[in-house]
Amino acid sequence: MEILLAIVIGAAFGAVLDRIGAANPTWIGRMLSLTNLHLMKTIILAIGTGSVLMFGGQMLGLVDVGHMSVKAAYAGVFIGGLMLGFGWALSGYCPGTGVVAAGTGRKDALFFIAGGLLGAAAYMATYPAWQASGLLNDIAGGKVTLGTVPDSGYAGLTGISGDLLGLLLGAAFIVVAFVLPDRLTGQGTPVPAE
Amino acid sequence: MVLNWKIGGLALGVVFFLAVALVKPIGVSTQFVILDGVLWNAVDSAAVTQTEDGYTSTNAYLAKSGGKYANAVMNPLNYSFLFVIAMALGGLASSMARGGLDKAERSVPALWRANFGGGRAKRYAAAFVGGFVVLYGARLAGGCTSGHMMSGVMQTALSGYIFTIGAFAAAIPTALWLYKKEA
């Protein structure tokens with residue numbers, strides 16, 4: 001059953017990433033150079049939608065809270081984020097969209113994947129040094145959510161109801177997606193949304 | 001042409017929701033490590049070894065968390081690995097359904113062509129270097145755009161916010177510097 005779900009949800013994810021332009025380096029570059037925020041609006045709406053559905057479902061008891069999986073917070077998260085951001089802007093791909101782009105027939109995405117396999121191997125080789133540096137040690141409680149989600153098994157950064165906060169933040173993301181302008185810099189008319 | 005953001009965002013949000021509702025939050029970058037492990041173990045069978053209750057590795061990263069990654073290397077037909085394979089197939093099907101990419105776009109994307117020309121070697125080199133830095137960074141961060149930015153922020157995870165701020169703090173200045181011409 002899990003195998004079937006992996007194939008169905010994975011394929012749906014890949015197809016949607018292709019259709020929203022996330023697997024196209026041109027759309028990524030437009031978003032990151034702030035000349036066309038269409039993809040940004042898509043992503044922010046997706047985060048908001050996912051959040052509202054998940055926390056709403058959990059509050060109604062329809063979604064198993066035990067499926068939540070919160071990653072640890074540590075200084076390396078920020079450093080790694082900076083590195084990913086640089087490479088994302090340079091190549092136009094992140095790990096997931098690189099794989100999808102290769103599927104859509106982009107040859108440069110194959111080079112991205114090859115570089116990625118080497119980069120992941122380099123991290124495997126240098127992991128002990130990062131561990132020794134202390135930069136992988138938990139900060140602010142490590143695996144925490146912003147509010148406290150009942151029965152999630154994760155601590156909250158604050159005592160605010162995590163479900164309610166999740167719903168509110170989800171709604172806020174949806175509002176942001178609507179109010180965000182089409183572009184922040186550059187000249188000329190924005191590329192039509194459709 | 002891409003889907004209108006209202007439809008695309010809703011569709012993407014529903015996919016992320018279904019993943020967490022039915023199985024677990026979406027993540028991708030770990031699977032680059034698993035594939036590395038599979039390839040490494042294929043050329044050196046001593047890379048991953050069996051223990052009493054699972055697998056371990058001579059590599060500290062594969063051996064961490066009770067050999068979680070070592071175990072996945074030995075059993076690659078698991079949910080997370082097949083998920084990533086299926087993503088590529090979903091991309092292929094979607095691309096074919098809309099008629100595929102033209103020849104120039106298949107090797108050098110339009111925005112890159114507008115700024116740096118149609119030379120393949122330069123583009124492939126940039127994609128390779130970018131891939132290296134992206135995956136090194138993603139493993140250091142413990143997740144990527146899928147796991148931290150989308151799944152993490154969606155779950156109100158503190159780590160998701162820290163990662164997202166870091167990623168955009170580097171990505172936006174880099175893109176402003178690289179892509180001065182629009183396409």
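Tell me which residues, restricted to segment B:1-17, are within 20 Å of B:His148 (Cα to Cα) and among the β-branched types (Val, Ile, Thr).
Matches in segment B:1-17: B:Val14, B:Val15.
From B:Lys64, B:Lys6, which residue is within 20 Å of B:Gly143 (Cα to Cα) and part of a helix (DSSP H, G or I)? Even if it seems obvious, please write down each step before you answer.
Working: B:Lys6 fails: within 20 Å of B:Gly143 (Cα to Cα).
The conditions single out B:Lys64.
Only one of these is within 7 Å of chain B (Cβ to nearest Cβ), touching a helix residue (DSSP H, G or I) at 6+ places or on another chain (Cβ under 6 Å), polar (S, T, N, Q) and surrounded by fewer than 23 Cβ atoms within 10 Å (Cβ to Cβ): A:Thr104, A:Thr42, A:Thr49, A:Thr26. Name it.
None of the others qualify; the one that does is A:Thr26.
Which of the following residues is modelled with pLDDT of 95 or more, out of contact with any Asp or Glu (no Cβ under 7 Å at 6 or more places or on another chain) and more than 21 Å from B:Phe163 (Cβ to Cβ): A:Ala114, A:Ala89, A:Ala155?
Selected residue: A:Ala114, the only one of A:Ala114, A:Ala89, A:Ala155 that is modelled with pLDDT of 95 or more, out of contact with any Asp or Glu (no Cβ under 7 Å at 6 or more places or on another chain) and more than 21 Å from B:Phe163 (Cβ to Cβ).
In the list A:Thr97, A:Thr126, which residue meets the criterion of being surrounded by 24 or more Cβ atoms within 10 Å (Cβ to Cβ), more than 7 Å from chain B (Cβ to nearest Cβ) and within 22 Å of B:Gly137 (Cα to Cα)? Before the answer, list the steps.
Values: A:Thr126 fails: surrounded by 24 or more Cβ atoms within 10 Å (Cβ to Cβ).
A:Thr97 is the lone residue from the list that is surrounded by 24 or more Cβ atoms within 10 Å (Cβ to Cβ), more than 7 Å from chain B (Cβ to nearest Cβ) and within 22 Å of B:Gly137 (Cα to Cα).
For residues that are at the interface with another protein chain (Cβ under 7 Å from one of its Cβ atoms) and out of contact with any helix residue (DSSP H, G or I) (no Cβ under 8 Å at 6 or more places or on another chain), tally how many sit in segment A:70-94. Please lay out each step first, then the result.
In the first step, residues of segment A:70-94 are kept if they are at the interface with another protein chain (Cβ under 7 Å from one of its Cβ atoms); the result is A:70-73, A:76-94.
Retained after the next criterion (residues that are out of contact with any helix residue (DSSP H, G or I) (no Cβ under 8 Å at 6 or more places or on another chain)): none.
Going through segment A:70-94 one residue at a time, the tally reaches 0.
Being facing chain B (nearest Cβ under 7 Å) and surrounded by fewer than 24 Cβ atoms within 10 Å (Cβ to Cβ) is the filter here; which residues of segment A:107-116 pass it?
The answer is A:Lys107, A:Ile113, A:Ala114.
Anything in segment B:25-46 that is without any contact (Cβ under 8 Å) to a residue 24 or more places away in the chain and either outside any helix (DSSP H, G or I) or closer than 30 Å to A:Leu62 by Cβ (or both)? List them, or say none.
B:Asp44, B:Ser45, B:Ala46
Just checking, does segment B:26-40 include any residue being buried (at least 22 other Cβ atoms within 10 Å of the Cβ), in contact with a Phe, Trp or Tyr (Cβ under 7 Å, 6 or more places away or on another chain) and among the small types (Gly, Ala, Ser)?
yes
The values are calculated or read from the model by the stated rules, or taken from the named source; none is laboratory data. Source: prediction; values computed, not measured. Don't worry about glycine lacking a Cβ; one is built from the backbone with ideal geometry, like all the others, and counts go over all protein chains shown.
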